[in-house]
Amino acid sequence: MTLSIKELIVEADRCVACGLCLPHCPTYRKTGSEADSPRGRIQLMRAVAQEILPNNARFNEHIDLCLSCRSCESACPNNVNYGALVDTTRALYIPKKSPFPALVKAFIQNRFLANAFVWMIWFIQKCGLFSLLKRINPAAKVLPMVAKPITWQNLYPATAENKGAVSLFLGCAGNALDTHTLQASIQVLNQLGYDVHIPAQQTCCGGIARQMGDSEESSKLVAQNQNSFDANLPILTTASGCGAGLNDYLPTHKIQDISAFLMACDWTNVDVNPLNEQIYVQDPCTLRNVQKSHQAVYSLLKKIPNATVTALAGNGQCCGGAGAYMLTQSEMANNLLDDKLNAITANNVAILATSNIGCSLHIANGLREKNLTVSVMHPIQIIAKQMRPVRQV
Ligand code: SF4
Ligand code: SF4
C-alpha cells in the first residue's frame, strides 16, 4: 500500500519507539546501527516527510539497505505498517535506480524478450559456455540451469473429479527460471480436481519495480494483472515474493500461496509415495511476515510418508535474496547468506524446500560457490514427485 505524505507521518507516529522490533531486524543485527533498524528508519522517514531532515545520500543508503523483509512488522505490538511506510518512502523520496529501466524493464514488461533471453541462456548452457558468461558478467552467476521456455496453455483441465478452478500466477522470474515449479503446480492441482487457468496477459507482480523506486511502473504492472485475472477465481502464487506484492496491491482478488491452498483441498483419494529423507524448510520472509502461511508448507510436506520435515535454523532471518537486493546490496546480501549456508552445512542438509524463487536463486548460488551439493526445491516439486494418480472411487 502506498500512502500520502500526511498518511505516512500519521503511520510513523504510531511507532512508540519501544524497540521490540530491533532484534528481529537483519540489518540492525549486522550493523548495530539505529539508523539501520526499523525504529531508526521510521524516525528518519518521518523526519524527511516533515522536512526536518534533508533527503540526502545518507538517508537513501539507510532506506536502500532495508530488505523489506517485514520481520519488524511481525514483531511490532502496535501493528505499525512498516511495509507501507518503506514502499511510500521509496516511491516519494528515493531516486529510481538507474540500471533498472535499461536492464530489467524490458525483461519484466515483454514476455517475448524474456523468452528470447531464456532461450539464449539455455543455448549457452547447452553449449557448455555458461562459465564463460559468468566470468564476463558476474550478475549471471545467480542464474540456475534453465529449462526450455514453455508456451503455456490458457487452461489445464482437472484430471480427477472436478472440484473447482484456480488461476496460476507465473511471475516474471518464475516463468523464466523456474518452470519446473509451475509445471509441478499444474500437475498437483489437476490431480486434486482443479482446472488451472493461466491468463496470457498476466505480467510481473510489480515488486521489483517498487523496490527500485519506480512506483509508476509498478502501478502499471498491477493494473495489467488486475485486468488479466478473473476476480472470481483465487490466484495462486508459487513465489511468496510475488504473493506478498499482490496481497498488498491487488485487493480486488483473492491471492493465496499454493501450499496454503493445497492444505484446504480434499486429499482423501490421493496416495503419496514415501520418501526416506529429511527435508529442511527455509521460510521466506514474505511467506512468514506478509502471507503468513509458512506453516502450510510443513503440513503439506508432512503428507509424504517417512519424510522428516524440519525448520532450518535461523528461519526468522532473511537470507538476503530479497528480489533485486542480492544484486544491488551484494555485501549485506552475502553476509546474510553466509548465516544460511552455515545452518545448512551444520545440519548436513540434503534437501532444502523454499517457496520463493528469490531465496532459491540466492541460496543455490551460495551453495554452488562453496561446492555444496544440496537439492533446493519448491515444496510443490517435492510433493508432485511423490504423488500417485488419484484413485477412482
Ligand atoms: S523490513 Fe526487515 S530489514 Fe527493513 S527495517 Fe524491517 S526488519 Fe529491518
Ligand atoms: S516494535 Fe513497532 S512500535 Fe516498537 S519500535 Fe518497532 S515499529 Fe516502533
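The values are calculated or read from the model by the stated rules, or taken from the named source; none is laboratory data. In this text the structure is predicted, and so the values were computed from the model without any measurement. Positions of Cβ are backbone-derived with ideal geometry, glycine not excepted, and every protein chain shown enters the neighbour counts. With ligands, DNA and RNA removed, areas are computed over all heavy atoms of the protein, side chains included. Shrake-Rupley method; radii C 1.70, N 1.55, O 1.52, S 1.80 Å.
Structure above, values below:
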| quantity | calculated |
| --- | --- |
| Helical contribution to [θ] at 222 nm, DSSP H n ≥ 4, -39,500 (n - 2.57), averaged over the chain, rounded to 500 | -13500 deg cm²/dmol |
| Principal axis dimensions, region 5-93 - Cα atoms, whole angstrom, descending | 29, 25, 19 |
| Cysteines having no other Cys beta carbon under 4.7 Å from their own, within the chain | CYS15, CYS18, CYS25, CYS66, CYS76, CYS127, CYS265, CYS319, CYS359 |
| Accessible surface of region 5-93, 1.4 Å probe, proportion on carbon and sulfur as whole % | 52 percent |
| Cα centre as origin, Lys/Arg/Asp/Glu Cβ charges: the chain dipole, Debye | 660 debye |
| Among ARG90, ARG111, ARG368: highest mean-square fluctuation, GNM of the chain, C-alpha pairs under 10 Å | ARG368 |
| Gaussian network model of the chain, Cα within-10 Å springs - most flexible of ALA184, ALA353, ALA322 | ALA184 |
| Fluctuation leader among VAL48, VAL281, VAL376 - the chain, Gaussian network, Cα springs under 10 angstrom | VAL48 |
| Rounded accessible area per residue of region 1-103, 1.4 Å, Å² | 47 Å² |
| Rounded to the nearest 10 Å², the accessible area of LYS126 at probe 1.4 Å | 140 Å² |
| Euclidean distance between Cα centres, region 108-157 to region 311-334, Å | 23 Å |
| Too-long pairs where the Cα-Cα distance tops 26 Å, listed order kept, from LYS254/LYS292; LYS30/LYS302; LYS148/LYS340; LYS96/LYS220; LYS163/LYS303 | LYS30/LYS302; LYS148/LYS340 |
| Region 143-234 - convex hull of alpha carbons, volume per residue in Å³ | 97 Å³ |
| Cα centre as origin, Lys/Arg/Asp/Glu Cβ charges: region 278-386 dipole, Debye | 420 debye |
| Per residue accessible area of region 278-386, 1.4 Å probe, in Å² | 37 Å² |
| Dimensions in Å of the chain - Rg and Dmax from alpha carbons | 20.8, 70 |
